[in-house]
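Structure record follows, encoded as structure tokens.
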């Protein structure tokens, strides 16, 4: 029995129009579609984006990835999910796994792929890149990502905001991702650094509830609770 | 007369399958298609990618952007190009401009858009983001771009390689773009930094002559002349 092919599909950040022609074609012909099980509402977005491209007989299965930093528990979940995919591939059928944005930019797909390759060393996998949330946010705000020879730094926000300060200090263009509940802290930081007028905020790009805010002083005054599915783009100046 | 709409289209890095559904739809219905005039063979790639999506009556026009750092000369060329596009929009027709990869990632599109907005302040422009060359390269090599909370730094290579050294020193994932004739110097630098085994090289992703090289020692020994349309992705470690 020939193994099926495994496709890791980036479906872009929200607008179904930003799915690539290639990903749309794979979705249309692949019966077995795997998606990460949504832990928060924002996480069901990948399936929402892909829905219009699915074949009539597509079977969507959710894979559970626990929200934990416990490496052993995480490894167990990768192994279990990879096993579910491996069983489909061993039957000779293809399978695909959806990721929001691009499959390899701050994504969990790479762990799944590693676990799958361990279980099925001869697996044929095809990763289809996608449009990232920061490129979509930049397009909505017409905000250049990298000019001339300047740095472009992408930072997922963590408890410690020091790396964000350091990146802003270095200059170039800085993209802040995974902002979540740290939105207000980050806005305060931009204010202090004198960069609040050189930044834009984009959330839910291409989705319901999309917001493109070019005035971050207004956003700061408004003090919104959270910044899920949002990015802040900053021109930190000459690097 | 209502002004036409201006579309800035990212057509992705090379594989026509990586054009988005939205960009393909705009290409199919837009008569006036503008592309930067190729100064080297590699630059005709955007049109090659888009060709299969063009409408039967599409009219492709090349815009000349001189290869200079002279700001005044550059500004003159943006103004002239924006003027050509403005005349189409003023006739009520839509126009689109193609860019390789994403329109706002180290692209000249932003200058063109600024010049156009100066000439036609009421212009309606839509930027359609695209898949970047580094995401496509990562997909071909299954190379993660950013893990957990690590930095992702994107650097266009310049005469001075110090910013590259600094970024490698900081850690995280580093993407080297616009490598050109500096390929051998960069490989030497990776060798010295002890990172040559943690890097991959991808050139002409999705195009004829595509090369995915996971063994950079081999590439170094081979000493190829140039790295046009190529990226090097490096895991520089914990940041």
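Before moving on, here are some points about what is shown:
- Rounded to the nearest 5, the antiparallel percentage of DSSP beta bridges internal to region B:133-237 is 75%.
- For the protein assembly as shown, adding -39500 (n - 2.57) for each run of n ≥ 4 DSSP H residues and dividing by the number of residues yields -10000 deg cm²/dmol at 222 nm.
- Distribution of pairwise C-alpha distances over region B:133-203, 10 Å bins, in %: 18, 58, 23, 0
- Radius ratio Rg over Rh of region B:1-118, counting only Cα atoms, Kirkwood formula for Rh: 0.95
- Distances between copies at residue B:161, taken between label points 7 Å from Cα along the C-beta direction, are 3.8 nm in increasing order.
- Within the listed set B:87, B:51, B:148, the residue fluctuating most in the Gaussian network model of chain B (springs between alpha-carbon atoms under 10 angstrom) is B:148.
- Region B:192-232 and region B:116-165 have Cα centres spaced 19 Å apart.
- Short to long, the 5 Å bins of the Cα pair-distance histogram for region A:115-155 hold 5, 16, 15, 16, 10, 9, 11, 11, 6 percent of all pairs.
- Pairs of Cα atoms nearer than 8 Å and 6+ residues apart set the relative contact order; for chain B it is 23 percent.
- Chain A shape via C-alpha gyration tensor axes, a/c threshold 1.5: prolate
- Against the main long axis of the alpha-carbon atoms of chain A, helix A:71-90 sits at an angle near 40°.
- Across the identical copies, how the residue A:193 labels are spaced - nm, sorted shortest first, 7 Å along Cα→Cβ: 2.1
- Gaussian network model of chain A, springs between alpha carbon atoms under 10 Å - residue of A:160, A:102, A:215 with greatest fluctuation: A:160
- Descending principal axes extents, region A:164-216, alpha-carbon based, whole Å: 34, 20, 17
- Highest-MSF residue in chain A out of A:158, A:23, A:199 [GNM, Cα springs under 10 Å]: A:158
- Rounded to 5, the percent of DSSP beta bridges in region B:5-128 classed as antiparallel: 5
- Between copies, the label points at residue A:218 (set 7 angstrom from Cα along Cα-to-Cβ) are spaced 5.5 nm, reported in nanometres from shortest to longest.
- Cα gyration tensor shape of the protein assembly as shown, rounded if a/c is under 1.5, else prolate or oblate by comparing a/b with b/c: rounded
- Taking a ≥ b ≥ c as the square roots of the eigenvalues of the Cα gyration tensor, an a/c ratio of 1.5 or more together with a/b no larger than b/c marks region B:1-65 as oblate.
- The angle between the Cα long axis of helix B:183-192 and the main principal axis of chain B comes to about 40°, on a 0 to 90 degree scale.
Coordinate-derived values only; no laboratory data. Note that the structure is a prediction, hence the values are computed from the model and not measured. For neighbour counting, all protein chains shown are included, and Cβ atoms are generated from backbone atoms with ideal geometry for every residue, glycine included.
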